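Here the structure is laid out as structure tokens; the discussion comes afterwards.
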Amino acid sequence: MKLIVFILFILLFSKPVFSQNNQDLNGHVSFFLDCYDCDFTFVRQELSFVTFVRDPKLAQVHILSSESRTGSGGRKYVLNFIGNGEIGNHHFEFEYYAGQSETDDETRRGLLQLLKAGILQYYSIAGILNTVEINLSPNDSKIAPIQLTDPWRFWIISIEGGTRFEKEANQNEFSYNTEIEVEKVTESWKTRFEMEYDADRENYFDDGIKISNHQNSAGISGDYIKSLTPRWSAGTFTGYSSETYLNIKNRVYANAGIEYNIFPWDISNRKVFTFRYLAGASWYDYNEKTIYDKLNENLYHQSLSLNLEMLQPWGNIDVRLEGRHFFHDVSKNRLTFDSDFSIRLTKALSVYWEFQAEMVHDQLYLPLGDASREDLLLRRRKLATDYEFRGEMGFRLTFGSIYSNIVNERF
């Protein structure tokens, strides 16, 4: 109750600050920068002549950023300049491609060039281009050759490896992991291979008694995805996995599926709404006999999922709903709901929440017998359950001056 009273108090007495409305041009344009990778401090230092405000509702232009991974292992950034108020019908979009080996400084400078290009558009509309000096010069390093020769034929290989260790008087831990990813992405095809292995070792000592927890997981996968139309896609997914925690010694699977996006994929940087259907088979070998008295079995399944992703000036939404079941017994099923919201409610207040819920009825891999105390404390094996819930929520409240042009990096 005290928290609610405090928020109402702030919203009530901050009206004079929020009333600093700047919607009429009058030879002036203010911007709200909604771009994490642009490095706001760096942008303000480089563009000290530009007015940036902290409230999107008080800006004539909302600069909204989105990003996605490219087939070469880099990132594609899209900056959408969205006009409000007097210039509400003027929108622009710019794209920047950051290479896999590009540094953070190179990326932020590349994005800065796009910001300059978009800002000049609105300075022209407002009739204040004469207030800035424009210098254009070619960048030889960015000029593409007339004929491109790629000895790798668009294939990208990524290798990762690492280890972690910790030691105390009565316990020690050691883990290592490795991952190899091979990928080729074109407009027509997406091909991806992944291999990974993780090992965790924990040892505890109590009055001369040693308690150990050894966990291993391994996986190999191959995906082949074909772009059929601007909205339809199809793919096959095969692989192998092994995981001690889930009592799976060996698993080989093969799936095929089809996907439909209500929005064309060429605008996927702002909104995606897909329907996906998958069907396939899996062959299991278990470490221990399961609760259904199985050491190995063949299982066939199907799944249907809906996924909505939206990135808008008022916030972002990411929701997924998936249902799946085994063909031999439809009562062995799982329903998963995933959500991630961030929404601006007022000029000053925004809320966010993440929530995941699962109805679980497909734990065919559970080992026979009761779990020991050590299994429970060390989480050495998955326990039986018919549901899982996870969530997080909160709010953000910002008030004060709407202008944020000054940079002071002392201390």
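Here, each number is a calculation from the coordinates, and none is a lab measurement. Please read these numbers as outputs of a predicted model, since none were measured by experiment. Using ideal geometry, Cβ is built from the backbone for each residue, glycine included, and neighbour counts are taken over all protein chains shown.
In a DSSP loop and with at most 14 other Cβ atoms within 10 Å, the trypsin sites (Lys or Arg not before Pro) in the range 318-403 are Arg379.
Placing dummy labels 7 Å off each Cα toward the beta-carbon, the span from Leu368 to Asp223 is 3.7 nm.
Measuring against 27 Å, Cα to Cα, the residue pairs Lys210/Lys332; Lys167/Lys294; Lys76/Lys271; Lys190/Lys332 contain Lys210/Lys332; Lys167/Lys294; Lys190/Lys332 as the ones spanning a longer distance.
For Lys249 and Ser48, what does the FRET efficiency come to when R0 = 56 Å and r is the distance between their Cβ atoms, rounded to the nearest 0.05? Mind showing how you got there, number by number?
Values: r = 63 Å, r/R0 = 1.12.
Computed FRET efficiency for Lys249 and Ser48 comes out at 0.35.
A Förster radius of 30 Å, combined with the Cβ-Cβ distance separating Val182 from Ile211, puts the computed FRET efficiency at roughly 0.15. The fewest-to-most ranking of Tyr286, Tyr292, Tyr224 by surrounding Cβ atoms within 10 Å reads Tyr292, Tyr224, Tyr286.
With the charge dipole of the range 228-397 set up from +1 on Lys and Arg Cβ and -1 on Asp and Glu Cβ about the Cα centre, the Cα lying farthest toward the positive end among the listed residues Asn255, Phe275, Leu295 is that of Phe275.
Between Glu196 and Asn172, what FRET efficiency comes out of the Förster formula 1/(1 + (r/R0)^6) with R0 = 30 Å and r the beta carbon distance, rounded to 0.05?
Working: r = 24 Å, r/R0 = 0.81.
E(calc), rounded to 0.05, equals 0.80.
The label point for Trp283 and the one for Phe40, both projected 7 Å from the Cα toward the Cβ, are 5.5 nm apart. Taking the number of Cβ atoms within 10 Å of each Cβ as an exposure proxy, the fewest-first ranking of Ser217, Ser331 is Ser331, Ser217.
In a simple Cβ point-charge model (Lys, Arg +1; Asp, Glu -1; nothing else charged), the range 228-397 has a dipole of about 420 debye relative to its Cα centre.
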